[in-house]
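Take a look at the structure set out below.
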Amino acid sequence: MVNGTSLSVPNGTKHARAASATTSANGKQPKVVRLGGGKYARELVRLQIELVKLQEWVRNQGLRVVVIFEGRDAAGKGGVIKRITESLNPRVCRVVALGTPTEREKGQWYFQRYVTHLPAAGEVVLFDRSWYNRAGVERVMGFCTEAEFLEFMHSCPEFERMLVRSGMIVIKYWFSLGAEEQERRFRARIKNPTKRWKLSPMDLESRRRWLEYSKAKDEMFAYTDIKQAPWYVVNADDKECARLNCIHHLLSMIPYKDLTPEPIKLPEREHGSYIRPPMEEQTFVPEIYQP
C-alpha cells in the first residue's frame, strides 16, 4: 500500500527479490573476487573489454537491448552507466536521460515519449531512469493523479511483455542504497563544487521522504517484477563493487561470441609534393598548459 492506495498483484507476477541472480547459468555459485591492491581497476578494464565484444555481437546479430537503471538518489546509477559507455561506440550504445516532460508530452500516452528512444536493430539503450518515474517520484511527490498511477501499474507489465514478445531484451536494475550511505554521499556532494549540481531540490526532498519512497519501491516491485522482465537488485553501498557486479551481471544476461577482428595493419602514409599553407595563418588555442 502506498499513500492509502492498494493494488492487487496479478497472477504470474512475482514479489520483490533481494537477490535475483545469485547463481551462474550452470547453477553454481559464482566465484567471489575480493577487491584491493588495484583489483578494481584491473577488473573494470577486463569487463570493459568484454563489453566491447558484447557490443560487436549486438551489432552483428541485430539485437535490440534495453537496460533500465533505477534506484535511490545518489545510489551510483550514473557512475555505472559511465563505466559501461566510456569504451563503447555511441552509435551502438546510447544513454537516455529524459528531463521534465513538456506540456505536449504531458498530454501524450504516458509511454509515448519513451517509445521513441527504444533501440533499433543492433543498438543498446541505457535508460538513466525510465518510465518508472511514475511509480516513484511522480507517485510520492504527487505529480500524477491516483488514476494515472493505477493505470501505470496495470499497464507497465503488459507494456514490457509486449517489448519482450517483439524480440527486445529488457533488463532492469534497481540500485539499493542504505540511508546512512546516502546521507554520506549527499554531504560529500555539498562539499564538492563539481558534484553540487547533482543535488536537486527533488533529491533533498527524497531524503525527507525516505519511508514513502521505500513503500513506493516495494509496491512497484510487487507489481512489475515479472517473469519476462524481472528486477535485478544491485547492492550499491560500495560504489566500486556495485559497478563491477552490475557490469558482470549485464554481460551474463546476453550470450555473445568474440567477434574481435584480425590484428589491424596500418597502411603506409602517402607522399607527394603538396605544400600546406603557413602555420601562421591558423588560429591556435593558447598553450597555457605545456609539457
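Pairs meeting the criteria (first residue in the stretch 206-221 and within 22 Å of Glu160 (Cα to Cα), second residue in a helix (DSSP H, G or I), beta carbons under 8 Å, at least 6 apart or on different chains) are Ala216/Arg139; Ala216/Val140; Glu219/Met153; Met220/Tyr132; Met220/Met153. In a residue-by-residue description of the stretch 66-88, the property of being closer than 23 Å to Lys198 by Cβ and aromatic (Phe, Trp, Tyr) applies to at least one position.
So, in the stretch 136-153, of the ones that are assigned to a helix (DSSP H, G or I) and in contact (Cβ under 8 Å) with a residue 60 or more places away in the chain, which residue ends up farthest from Lys217 (Cα to Cα)?
Here is the first cut: in the stretch 136-153, the residues assigned to a helix (DSSP H, G or I) are 137-141, 146-153.
Next cut, in contact (Cβ under 8 Å) with a residue 60 or more places away in the chain only: 137, 139-141, 146, 149-150, 153.
Numbers: Val137: 10, Arg139: 10, Val140: 10, Met141: 14, Glu146: 16, Phe149: 13, Leu150: 14, Met153: 12 Å.
In this case the residue turns out to be Glu146.
Is one or more of the residues making up the stretch 75-85 among the aliphatic types (A, V, I, L, M), at pLDDT below 95 and farther than 26 Å from Val125 by Cβ? Within the stretch 75-85, none of the residues are among the aliphatic types (A, V, I, L, M), at pLDDT below 95 and farther than 26 Å from Val125 by Cβ.
Taking the condition more than 22 Å from Ala97 (Cβ to Cβ), part of a helix (DSSP H, G or I) and free of Cβ contacts under 8 Å to residues at least 60 places away in the same chain, does Ala188 pass? Taking the combined requirement at face value, the residue does not satisfy it. Do we have any residue at all in the stretch 164-174 that's in a helix (DSSP H, G or I), out of contact with any helix residue (DSSP H, G or I) (no Cβ under 9 Å at 6 or more places or on another chain) and modelled with pLDDT of 95 or more? The answer is yes; a qualifying residue exists.
Among the criteria (1) crowded, with 18+ Cβ neighbours inside 10 Å; (2) at pLDDT 95 or above, the one Gly62 does not fulfil is (1). Only a single item in (1) under 17 Å from the mean Cα position of the chain (by Cα); (2) more than 23 Å from Trp131 (Cβ to Cβ); (3) among the polar types (S, T, N, Q) is not met by Ser176, and it is number (2). Scan the stretch 73-105 residue by residue and report those that are surrounded by fewer than 19 Cβ atoms within 10 Å (Cβ to Cβ) and closer than 15 Å to Val137 by Cβ. Scanning the stretch 73-105 gives Ala97, Leu98, Gly99, Thr100, Pro101. Of the residues making up the stretch 103-135, those that are within 14 Å of Gly71 (Cα to Cα) and either free of Cβ contacts under 8 Å to residues at least 40 places away in the same chain or part of a loop (DSSP other than H, G, I, E, B) (or both) number 6.
The values are calculated or read from the model by the stated rules, or taken from the named source; none is laboratory data. No experiment lies behind these values; they were computed from the predicted model shown. Cβ coordinates were reconstructed from backbone atoms using ideal geometry, including for glycine residues, and neighbour counts include every protein chain displayed.
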